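Below is one structure, written out as structure tokens; the observations come after it.
Read-outs: derived from the displayed coordinates by stated rules, not from any lab. Since we're looking at a predicted model, the values are computed, not measured. Here the Cβ is made from the backbone with ideal geometry for all residues, glycine too, and neighbour counts use every protein chain on show.
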């Protein structure tokens, strides 16, 4: 058990070469539990690049095989790879500038978003994710900024 905990990859694995400061791939040991027969280790693996996620899962599988540990890969969330120089993104930026009279703040986050699911289902589609400023997400204190909600609504309609 100690060997597995120490050898399994965890934390940031790769950083984006296109977006400064953006985590590209990571894995996290979130839960350790046990039942009558086994210890269960639950890792969450994320990547915006499919090949990097596959590589990380393969390394974890190989290590578990070497240690004689059974590994089940579950809850695979589709990646959403950054589309550098996207024509769609340029159109969305121009539209925002026209409506709001200023440049939009463009940020990328290391999280699973619905865009990955949609792009996986609709081959060849392009996507952006927009929304109001959110704070303390996934906590009892989660809240949003009302003025940014108004800007998002104006942009959408």
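Key figures
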{"quantity": "Cα gyration tensor shape of the stretch 87-156, rounded if a/c is under 1.5, else prolate or oblate by comparing a/b with b/c", "calculated": "oblate"}
{"quantity": "Potential extension, residue 99-residue 136 segment - 0.36 nm per residue separation minus Cα distance", "calculated": "10.4 nm"}
{"quantity": "Segment residue 65-residue 38, extension gain: residue separation times 0.36 nm, minus the distance between their alpha carbons", "calculated": "8.1 nm"}
{"quantity": "Distance-filtered residues of the stretch 64-87 - backbone nitrogen under 13 Å, label point 7 angstrom along residue 14 Cα→Cβ", "calculated": "79-82"}
{"quantity": "Folded to 0 to 90 degrees: helix 87-100 orientation relative to the chain principal axis, Cα", "calculated": "50"}
{"quantity": "Global form of the stretch 25-73, assessed from the alpha-carbon gyration tensor, a/c cut-off 1.5", "calculated": "oblate"}
{"quantity": "Cα-projected label distance for residue 6 with residue 55, points at 7 Å along beta-carbon direction, nm", "calculated": "2.6"}
{"quantity": "Helix-only [θ]222 nm of the chain, DSSP H runs n ≥ 4, -39500 (n - 2.57) each, per residue, nearest 500", "calculated": "-11000 deg cm²/dmol"}
